[in-house]
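**Q** Please read through the structure below; I'll follow up with questions.
Bear in mind these aren't lab numbers, they're just calculated from the coordinates by the rules spelled out. Everything quoted here is computed from the prediction, not taken from an experiment. A quick note on method: Cβ atoms are made from the backbone with ideal geometry, for glycine too, and the neighbour counts reach across all protein chains shown.
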Amino acid sequence: MRPERNQGRLLVKRLVKVVDHPLFERAIYGVIGVNVVVLFLQIVPSIVAEWGEWLHFADRVILWIFVVDIALRLTAYGPRRFVGDGWNWFDVIIVGVGFVPAAGGSSGLRALRALRLFRLLRVVPEFRQIIEAIALALTQLRAVFALCLFFHGVFALMATLAFQHHLPEQFGSYGRSMYTLFLIATLNVDVMEMAWEKDHLGAWLVFPGFILTVPVVLLAMVVGILGNALAAGRDDELRELREHNRHLEGLLEEKTESSVDS
């Protein structure tokens, strides 16, 4: 039993080295890059007419390469560590969606294959840091969005009172005012020009305050929160890297001890 356990441990250690090796990561980058090219070629009718079968075959091969990648990481890290990493769940869902078109009969499900490109969020360090920062900042961002929604509602009430009779299509009701102010937040100036022509004072009272309060403040607060979260994420990443290095050192010590005992 002991030799079998030792062989299993050696296999797992070798798999960890393979999965964590930079060449393995670069190979996955390359496969994702090929996947991007294949998916874009599949929307060109002239290419699909001539090479459609080969593109479909390449698409399935790439999908199974991703499955093997997940299986190797699951075996190397073990179920507990694999499940504990949210990015692994992300990969399983994204890759699993690739099998939905094969199981369903709707051709519209082919669009789900494009979701595989979201794997770039995991493998590109810059993208990964931003996503992790957003996840860390969600609690604070909820409060920011709630505050902005409050300001949005107040200015929507002001706009309804000021322009309800002048511009009923845009501000005839509270709901329409909310929607119109949302368009104005994207700097849609047409509505502001119409409101300016109808009521100069009302336009001065509503729109400058709204634009300075909601979009600008929202952007400034989101950037600040995400900046802090990015800094915290880098600290967490450094701690994880140190823990990973200690784990590898422990594995090396075990291997050295086992070779000495043998």
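**Q** Sort the following peptides by mean Cβ neighbour count (other Cβ atoms within 10 Å, averaged over residues), highest first: 114-126, 169-181. Display every interim value, and only then the final one.
**A** On the way: 114-126: 15.2, 169-181: 18.2.
In descending order of packing, they fall as 169-181, 114-126.
**Q** Another question about this same structure. For ARG80 and HIS56, what does the FRET efficiency come to when R0 = 41 Å and r is the distance between their Cβ atoms, rounded to the nearest 0.05?
**A** 0.65
**Q** A further question follows. What's the exposure ranking of VAL48, VAL206, VAL191, VAL214, going from fewest to most Cβ atoms within 10 Å?
**A** On the way: VAL48 14, VAL206 26, VAL191 19, VAL214 22.
Ordered by Cβ neighbours within 10 Å, fewest first: VAL48, VAL191, VAL214, VAL206.
**Q** Okay, next question. For LEU157 and ILE134, FRET efficiency with R0 = 30 Å and r from the beta-carbon atoms, rounded to 0.05?
**A** Numbers: r = 31 Å, r/R0 = 1.04.
According to the calculation, E is roughly 0.45.
**Q** Which ³J(HN,Hα) values, rounded to whole Hz and listed in residue order, are derived for the range 117-124 from phi using the Karplus coefficients 6.51, -1.76 and 1.60 in 6.51 cos²θ - 1.76 cosθ + 1.60 with θ = phi - 60°, glycine and proline given as x?
**A** Ordered by residue, 3J(HN,Hα) equals 5, 5, 5, 4, 5, 7, 7, 8 Hz.
**Q** Given the Cα-Cα distance of TRP89 and PHE127 and 0.36 nm per residue of separation, how much length would full extension add, in nm? Numbers along the way, then the final one.
**A** Values: separation 38, 0.36 × 38 = 13.68 nm, distance 1.69 nm.
Contour length minus the Cα-Cα distance gives 12.0 nm.
**Q** Let me ask something additional. Any idea how far apart ASP190 and PHE118 come out in nm if each label point goes 7 Å out from Cα toward Cβ?
**A** 3.3 nm
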